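Chemist: Take this structure first; my questions come after.
The values are calculated or read from the model by the stated rules, or taken from the named source; none is laboratory data. All of these numbers come straight from a predicted model, not from anything done at the bench. No Cβ is skipped: glycine too gets one built from the backbone with ideal geometry, and neighbour counts run over all protein chains shown.
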Amino acid sequence: MTYSIIKRLKEKYRDNYKTESLNSAILELYDVILSHENTDSEYWTGGYASNDVINIIERRFTNKERIELNVDLENWTPNQLELFTQAILRRDYYSEIEIFNLTKSMNHLELILKLIEIEKKITKKISRSYDEISYHILEGIDFINYHFKILIKSDINNFSKIKKIVELLKIDQREDDESIKLIEKIKSYEEKQTL
């Protein structure tokens, strides 16, 4: 079954097929990315991609798939990574319960950190600044603001991941409303921890 999926994707998408995964759940996710990679941006910005991507992750992903995806993301093209980033950071799709349940199969913050790491590798490889993934993360930073409490409640280690994202993207140096809100939430959380 998996090999027939691989064969179909390789034949259909030829040069754009970059995954090295043999995992059927990751291949299903990658199929969504490939099949809509060159379609109207409404699919990506209107929440449709988010619904499709998150549905696959909720239905198919376990910790095994999460670990394998983190490795396989290294093989994806920058454009595919940008689209994936947009899909996982759609704030309006998630309720608190959905976030809590979703963190069992996908940790957004781990993925964001991995995507930032890959972006740095791309920059090094092409010898010029590449910040499109960071741009999409910053565009979706309201996701972290909106779900700050539940992200920390679902896993206390998420607080240090949020702080690392802030550090890597220099969010504390930005002056937009979402960045300021996030810094305020971090300070407030730290203050409560010292009481």
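Chemist: Among the helices (runs of 4 or more DSSP H) contained in the stretch 67-177, which hold 1 or more residues that are in contact with a Lys or Arg (Cβ under 6 Å, 6 or more places away or on another chain) and either of a type in the set (Asp, Glu) or surrounded by fewer than 14 Cβ atoms within 10 Å (Cβ to Cβ) (or both)?
Modeler: Here the list reads 142-146.
Chemist: Next question, about the same structure. Looking only at residues that are among the polar types (S, T, N, Q), touching a residue at least 40 places away in the same chain (Cβ under 8 Å) and part of a helix (DSSP H, G or I) in the stretch 48-62, which one is surrounded by the most Cβ atoms within 10 Å (Cβ to Cβ)?
Modeler: The extreme case among them is SER50.
Chemist: Can I ask one more? Condition first: modelled with pLDDT of 90 or more and of a type in the set (A, V, I, L, M, F, W, C). Can you find one or more residues in the stretch 9-16 that meet it?
Modeler: Checking the stretch 9-16: not a single residue is modelled with pLDDT of 90 or more and of a type in the set (A, V, I, L, M, F, W, C).
Chemist: Just the residues that are of a type in the set (S, T, N, Q) and either closer than 14 Å to SER24 by Cα or touching a Gly at 6+ places or on another chain (Cβ under 6 Å) (or both), please, taken from the stretch 40-62.
Modeler: THR62 - this is the single residue of the stretch 40-62 that is of a type in the set (S, T, N, Q) and either closer than 14 Å to SER24 by Cα or touching a Gly at 6+ places or on another chain (Cβ under 6 Å) (or both).
Chemist: In addition: Cβ-Cβ under 6 Å, sequence separation 6+ or interchain: first residue in the stretch 167-190 and without any contact (Cβ under 8 Å) to a residue 24 or more places away in the chain and among the β-branched types (Val, Ile, Thr), partner surrounded by 11 or more Cβ atoms within 10 Å (Cβ to Cβ) and assigned to a helix (DSSP H, G or I). Which pairs?
Modeler: The qualifying pairs are ILE183/ASP172.
Chemist: Is it fair to say PHE159 is modelled with pLDDT of 95 or more, hydrophobic (A, V, I, L, M, F, W, C), within 14 Å of LEU109 (Cβ to Cβ) and over 15 Å from the mean Cα position of the chain (by Cα)?
Modeler: Yes: the conditions hold for PHE159.
Chemist: Turning to a different aspect of this structure: Where in the stretch 1-46 are there helices (runs of 4 or more DSSP H), lying fully within it, with 3 or more residues that are of a type in the set (Val, Ile, Thr) and either exposed (fewer than 12 other Cβ atoms within 10 Å of the Cβ) or in contact with a helix residue (DSSP H, G or I) (Cβ under 6 Å, 6 or more places away or on another chain) (or both)?
Modeler: Qualifying helices (runs of 4 or more DSSP H): 24-35.
Chemist: Another one. For the stretch 33-45, indicate whether the set of residues that are within 30 Å of SER160 (Cβ to Cβ), modelled with pLDDT of 90 or more, of a type outside the set (S, T, N, Q) and in contact with an Asp or Glu (Cβ under 9 Å, 6 or more places away or on another chain) is non-empty.
Modeler: The answer is no; no qualifying residue exists.
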